[in-house]
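In what follows, a single structure is set out as structure tokens and then discussed.
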Amino acid sequence: MIVVLKQNSDERQLEELRNWLKKKNIMIQESTGESCSIWGLVGDTSELDGDVIASMDVVESVKRIQEPYKKVNRKFHQQDTVISVKNTVIGGDDLTVIAGPCSIESEEQIVAIAKAVKNSGATLLRGGAFKPRTSPYSFQGMGTEGLKLLKIAGKESGLPIVTEIMDVTQLPLFEDVDVIQVGARNMQNFNLLKELGSIHKPILLKRGMQATYEEFLMSAEHIMSGGNEQVILCERGIRTFETYTRNTLDLTAIPALKKLSHLPVIADPSHGTGKADLVPSMAMAAVAAGADGVMIEVHNDPEHAWSDGSQSIRTETFDTLNRKMIALHSLVRE
Ligand code: PEP
Ligand code: MN
């Protein structure tokens, strides 16, 4: 961190700032020029609040040199993080394909979709039991009963299961869930992130629809700083001025996040576009951009789906798509 000091600053105030920084184990490299003086702060500056320093009387401006996230930062962890979930691996050599309906609707529905996506080569099964819906009048998910059905479908298909948690109080219900999803709307629910940092289970963290890469990575840092190092980042589209699509899938986020962090990065072209006919192209584009995996909403009867039917692809479409994604992925990995 670099601190530019105001000209003719009060020496007593400068001494106070020196002492304050020293107490935080920060070394100061002072460089005094004719028109301005600069301090280079050396040490662990991740806990320093640049805005607080910038607001001090003697300070002109502050510039961060190092990212504020440590645990997720590739600079301090060169190798890719690889996460094992039952019989599959996320962030390794093979493409991770998480497929399933937006919501769990019945045992028949979730088991049929689970078997279909497994046959097509999916590696994990998704399905929402607790649904964050824009309208309070929309279907809110089957809740605990839905979780039970998802577990049955996971067992019958042999696929590990991924499902969304909406609140810390639900955590005891997620004991048999293989990967816990934190939705876009909860990306900055810091209480929830903190709690998930204290468990030993992979967390699929979705990017908030208005979040910068740094804010997204800081949310992952919240989980990791609690001791849980199994975090998967998911780009799921952001808000832009475009209204034709539900969101704009930010493909640049994939190589950018992989450069900034060692965590696995996956993409969700279903929420990223909101339109089933755009999903295959954007899923392929995500794989081409270097994603470690994709999460795709798949339904056996999208017209009658209880949520997000318009962005859910049919099981047959998924079958063709998955074959193409796997072929493309091996090309990208070469
Ligand atoms: C979901 O995956 O079903 C979901 C609600 O996604 P998001 O949090 O990205 O909107
Ligand atoms: Mn959905």
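For the range 53-136, which fully contained strands (runs of 3 or more DSSP E) count at least 2 residues that are more than 16 Å from ligand 2 (Cβ to nearest atom) and under 30 Å from residue 16 (Cβ atoms)?
Fully inside the range 53-136 and qualifying: 59-63.
Determine, yes or no, whether residue 113 is free of Cβ contacts under 8 Å to residues at least 60 places away in the same chain, out of contact with any Cys (no Cβ under 7 Å at 6 or more places or on another chain), buried (at least 17 other Cβ atoms within 10 Å of the Cβ) and not hydroxyl-bearing (Ser, Thr, Tyr). Before you say what the answer is, go through the steps one by one.
Details: free of Cβ contacts under 8 Å to residues at least 60 places away in the same chain: no; out of contact with any Cys (no Cβ under 7 Å at 6 or more places or on another chain): yes; buried (at least 17 other Cβ atoms within 10 Å of the Cβ): yes; not hydroxyl-bearing (Ser, Thr, Tyr): yes.
Answer is no for this residue.
Among the residues of the range 252-272, is there at least one that is at pLDDT 95 or above, within 16 Å of ligand 2 (Cβ to nearest atom) and on the phi > 0 side of the Ramachandran plot?
Step one: of the range 252-272, the residues at pLDDT 95 or above are 252-272.
If we keep only those that are within 16 Å of ligand 2 (Cβ to nearest atom) as well, we get 266-272.
Among the residues that remain, those that are also on the phi > 0 side of the Ramachandran plot are: none.
The answer is no, given that none of the residues of the range 252-272 is at pLDDT 95 or above, within 16 Å of ligand 2 (Cβ to nearest atom) and on the phi > 0 side of the Ramachandran plot.
Working only within the range 10-43, note down all residues that are surrounded by 12 or more Cβ atoms within 10 Å (Cβ to Cβ), out of contact with any Ser or Thr (no Cβ under 7 Å at 6 or more places or on another chain) and in a loop (DSSP other than H, G, I, E, B).
Passing the criteria: 24, 36, 43.
Taking the condition within 16 Å of ligand 1 (Cβ to nearest atom) and open to solvent by 60 Å² or more (accessible area, probe 1.4 Å), does residue 246 pass?
Values: within 16 Å of ligand 1 (Cβ to nearest atom): yes; open to solvent by 60 Å² or more (accessible area, probe 1.4 Å): yes.
Against the criterion (within 16 Å of ligand 1 (Cβ to nearest atom) and open to solvent by 60 Å² or more (accessible area, probe 1.4 Å)), residue 246 qualifies.
Let's see how each residue does on (1) of a type in the set (S, T, N, Q); (2) open to solvent by 20 Å² or more (accessible area, probe 1.4 Å); (3) within 18 Å of residue 322 (Cα to Cα):
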| site | (1), (2), (3) |
| --- | --- |
| 74 | no, yes, no |
| 92 | no, no, yes |
| 99 | no, no, yes |
| 118 | no, yes, yes |
| 126 | no, no, yes |
| 144 | yes, yes, no |
| 151 | no, yes, no |
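Residues to consider are 269, 280; find the one that is touching a helix residue (DSSP H, G or I) at 6+ places or on another chain (Cβ under 6 Å), surrounded by fewer than 24 Cβ atoms within 10 Å (Cβ to Cβ) and under 23 Å from residue 159 (Cα atoms).
Working: 269 fails: surrounded by fewer than 24 Cβ atoms within 10 Å (Cβ to Cβ).
On inspection, the qualifying residue turns out to be 280.
Can you pull out the helices (runs of 4 or more DSSP H) entirely within the range 263-334 that have at least 1 residues that are hydroxyl-bearing (Ser, Thr, Tyr), away from ligand 1 (no atom under 14 Å from the Cβ) and out of contact with any Gly (no Cβ under 8 Å at 6 or more places or on another chain)?
279-288, 315-333
The values are calculated or read from the model by the stated rules, or taken from the named source; none is laboratory data. Owing to the predicted nature of the structure, the values given are computational and were not obtained by experimental measurement. Note that we place each Cβ from the backbone using ideal geometry, even for glycine, and neighbour counts take in every protein chain shown. Ligands, DNA and RNA are excluded from the accessible area calculation, which covers all protein heavy atoms including side chains. Shrake-Rupley method; radii C 1.70, N 1.55, O 1.52, S 1.80 Å.
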